[in-house]
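Read through the structure below, which is laid out as structure tokens, and then see the notes.
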Amino acid sequence: MPPTCSILLVTANVLQTSQRSKCTIHSIVSSRLTPHNGARVDEPIARTEQFTCVVNKKKSPVILMNAIGHMTAGLMHQHRNDTEKMRFRDFLDKDGDVHPATSENGYIILRAENSSQLRRLRAELISHEIPFNDFTQTMVEGNYVTQQMEFSTLKEEELDYIGVCFFAPCDISRALSKRFSLYVHPCSM
């Protein structure tokens, strides 16, 4: 007999906990509340993977936010057939509104001193066969046609990296990113 697990139900705009034996967790407004490793869904589960994004501290916050968005979108495209470890869930507020597809994993943003450090990180990710996405200064101006034209004229060593983003087990992520500091916006220092 399957273990008893706790599921969340939305009833009259109030979240209530209900015990069910032999539970099959069904979709609640397109939300799958799936127990991981047999744990109850209302108890936190230790994270084993994380998103890590390392950005060039010399770039403006506006450029960094744009780069982080593009890199994350590209990373998701690379993982499109295997997102289970990313542990996406929909959060439900008291009104029953859905706040969809937020990862239970950490998303760590670190800062590199310069483009060379990002180039080295990129090379390490390639050597470890870890999927990643990067963003360069070449991708900031123009459109994809003019950007590709400019890329075609540059060697990899000439690219000015803005950021590198990857998803990996926490221990591997920490080992690859230990030389970087937590990104802190200059206004908050």
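Taken over the stretch 139-189, the criterion of being surrounded by 12 or more Cβ atoms within 10 Å (Cβ to Cβ), free of Cβ contacts under 8 Å to residues at least 40 places away in the same chain and assigned to a loop (DSSP other than H, G, I, E, B) is satisfied by GLY142, LEU154. Within the option set SER103, SER115, SER127, being modelled with pLDDT of 95 or more, under 20 Å from GLU49 (Cα atoms) and not acidic (Asp, Glu) holds for one residue only, SER127. If you go through the stretch 125-136 one residue at a time, do you hit one that is part of a helix (DSSP H, G or I), in contact with a strand residue (DSSP E or B) (Cβ under 6 Å, 6 or more places away or on another chain) and over 20 Å from VAL184 (Cα atoms)? Among the residues of the stretch 125-136, at least one is part of a helix (DSSP H, G or I), in contact with a strand residue (DSSP E or B) (Cβ under 6 Å, 6 or more places away or on another chain) and over 20 Å from VAL184 (Cα atoms), which makes the answer yes.
Here SER116 meets the list (1) of a type in the set (Gly, Ala, Ser); (2) surrounded by 14 or more Cβ atoms within 10 Å (Cβ to Cβ); (3) within 15 Å of PHE180 (Cα to Cα) almost entirely, failing just condition (2). Of ASP42, ASP82, ASP134, all but one fail to be under 18 Å from CYS165 (Cβ atoms) and at pLDDT below 95; the exception is ASP82. Only one of the listed residues (ASP82, ASP97, ASP160, ASP93) is among the charged types (D, E, K, R), farther than 16 Å from PHE180 by Cα and touching a His at 6+ places or on another chain (Cβ under 9 Å). That residue is ASP93.
Each row is one residue, and each column tells you yes or no for (1) closer than 19 Å to ARG174 by Cβ; (2) touching a strand residue (DSSP E or B) at 6+ places or on another chain (Cβ under 7 Å); (3) not assigned by TED's automatic domain parsing to the domain that holds ARG179.
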| site | (1), (2), (3) |
| --- | --- |
| VAL62 | no, no, no |
| MET65 | no, no, no |
| LEU75 | yes, yes, no |
| ARG80 | no, no, no |
| ARG89 | no, yes, no |
| GLU104 | yes, yes, no |
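The values are calculated or read from the model by the stated rules, or taken from the named source; none is laboratory data. This structure is a prediction, so every number in the text was calculated from the model and none was measured. When we count neighbours, we look across all protein chains shown, and the Cβ atoms used for this are built from the backbone with ideal geometry, even at glycine.
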